[in-house]
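Below: one structure, written as structure tokens.
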Amino acid sequence: MENKRDILKNRVVPLDLYRITPRTNCGECGHPTCLAFATQAVVGESTLDACPHMDPGALQPLRERLERQLGHGIGKKRESFEKTLEFLRAQVAPWVTPSNASALGADFSLLEGAVAAMRLPYLDDAVLVTAEDVVSLRERALSPWEKIFLYNYVIGGAVEPSGRWVGMESLPNSVSKIKSLKAHCEEPLAKAFPDDQDALRRAASGLFREVRGGEGEADWIGECTLLPKVHLRLLWWAGEAEEGFPARVKFLFDARVLETLDLESLLFACEQISERLLESQRR
Ligand code: SF4
């Protein structure tokens, strides 16, 4: 019988899946590119059935191996992310170019030793993306997950935002993520900022700029730039204790955002942003 070590050694890596996708980046799976789909599926964040375009004969043996490895907990652990990162590092070089940098809202430069690099604004930081690594210019430690999502942005490309704001429920295939967004982001924020708009303003300064006259007649609306072509909005309605109405918080996204980032990355970004706001509130 196959033991965990054998399974680890023969684990399915993103390249195995990527090879059997048609590489058309059609987006039907909820990921902007086949590459993003492959990197998410190997860590169990996307179901293999999300892509209807893979050859069933080629997929079946991979499906069985992937089920076994995820069943053994080989998936979301750090080493799996490292494997995915290794794969993305090997793919990224052709995309670190002046023309791609300009299409992504980044700057291109040649570092010492003629290493091609892209300087990419990322929240209130900026990162330097090379085929070697992704590093924060503020010397913040980036998690493997952040690096994967930044590499996916560089490789997958970005579309211009439509300017139309929608809730996650309006994005395709988002049912499973809506609950997480509420539980991990919107509800904790509503609890942390029940009625004090100034407290929210202070916590949000640096990450969000205030928007006046936006959607939903919210009491406060902030917009933040996650990446040059990806913006998020946070809507806040103050609670009214006497009336028994709790505060309410909602994230909004551009209607075309899934053509640039996948849902899992969006959720991850909302969690990071929420954590930053909650941290400022605790201080
Ligand atoms: S559904 Fe996803 S993985 Fe399949 S071809 Fe389209 S983008 Fe690629």
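The values are calculated or read from the model by the stated rules, or taken from the named source; none is laboratory data. Keep in mind that what you see is a predicted model, and the values were worked out from it rather than measured. Cβ sites come from the backbone with ideal geometry, for glycine too, and all protein chains shown count toward neighbours.
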Checked Thr33, Thr84 against criteria (of a type outside the set (A, V, I, L, M), modelled with pLDDT under 85, within 15 Å of the ligand (Cβ to nearest atom) and not assigned by TED's automatic domain parsing to the domain that holds Leu261); the one match is Thr33
Check every one of the helices (runs of 4 or more DSSP H) wholly within segment 34-130 and list those with 3 or more residues that are surrounded by fewer than 18 Cβ atoms within 10 Å (Cβ to Cβ) and small (Gly, Ala, Ser).
-> 56-71, 98-104
Just one of Ala241, Ala247 is small (Gly, Ala, Ser) and either within 18 Å of the chain's Cα centre (by Cα) or under 21 Å from Lys179 (Cα atoms) (or both); which is it?
-> Ala247
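Is there a residue in segment 260-272 that is within 30 Å of Leu104 (Cα to Cα), at pLDDT below 95 and touching a Cys at 6+ places or on another chain (Cβ under 7 Å)?
For segment 260-272, residues within 30 Å of Leu104 (Cα to Cα), at pLDDT below 95 and touching a Cys at 6+ places or on another chain (Cβ under 7 Å): present.
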For Gly27, are the conditions met, namely being at positive phi and near the ligand (Cβ under 8 Å from one of its atoms)?
-> yes
Within segment 6-33, which residues are farther than 12 Å from Leu66 by Cα, in a loop (DSSP other than H, G, I, E, B) and of a type outside the set (Lys, Arg)?
-> Thr21, Pro22, Thr24, Asn25, Cys26, Gly27, Glu28, Cys29, Gly30, His31, Pro32, Thr33
Among residues belonging to segment 132-151 that are hydrophobic (A, V, I, L, M, F, W, C) and closer than 21 Å to Asp262 by Cα, point out the one that is modelled with the lowest pLDDT.
-> Trp145
Considering every residue within segment 9-22, establish whether at least one is at pLDDT below 75 and of a type outside the set (Asp, Glu).
-> yes
